[in-house]
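The values are calculated or read from the model by the stated rules, or taken from the named source; none is laboratory data. All values derive from a computational prediction rather than experimental measurement. Reconstructed Cβ throughout: ideal geometry from the backbone, glycine too, with neighbour counts over all protein chains shown.
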Amino acid sequence: MYSKRRVTEIIIGILLFAIGCISFYSGYTAFLYIYERAGFSWEEISLLKVFHNYNLITSMLVIISGIFLIVSKRIGWMGSIVMSFSSAILLVIQLFKLYYDGNEYVEKDTSNAFFLCLSSAFFITIGMILLHKSFIKKYQPTTRNIWSLIILFIVVLTVSEIL
């Protein structure tokens with residue numbers, strides 16, 4: 001019989017996997033739509049830019065983190081924390097980009113802002129759940145290096161998306 005922590009871990013892993021798959025699919029279809037409209041050839045396209053601009057790398061990292069969390073690997077736990085907080089930060093950045101274009105305030109539909117805020121709160125909640133003492137006790141991130149690595153990855157992912 002599973003403990004509550006293990007059930008929570010599986011549910012979070014499945015949610016991250018599903019969100020990553022949906023995000024990957026939407027980015028992929030958006031790319032294909034633009035690709036077909038623009039009439040580029042595959043030789044004219046930088047796959048690295050495509051993966052970056054359509055959040056395909058982030059989506060794959062969320063999928064991988066979810067899978068490893070489901071199978072109870074420490075890297076999955078760490079990756080899920082990193083991807084949860086990074087996703088929340090990136091959604092807040094998108095919210096600011098939605099309303100501020102340079103120095104100019106731009107009015108937009110509030111349903112988009114509501115969705116971004118709700119999604120950001122969702123990812124923060126997942127990150128906070130994974131930082132619960134029962135998960136810390138299970139994965140035993142005793143060294144300062146693991147916490148430094150988690151913070152470093154959050155900062156790197158956030159900065160790479162901003163630039």
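If I go through the range 112-163 residue by residue, how many of them are among the charged types (D, E, K, R) and modelled with pLDDT of 80 or more?
Adding up the residues that qualify gives 3.
Hey, can you tell me all the residues within the range 111-161 that are closer than 21 Å to GLN94 by Cα and in contact with a Phe, Trp or Tyr (Cβ under 8 Å, 6 or more places away or on another chain)?
Across the range 111-161, the qualifying residues are ALA113, PHE123, ILE124, GLY127, ILE154.
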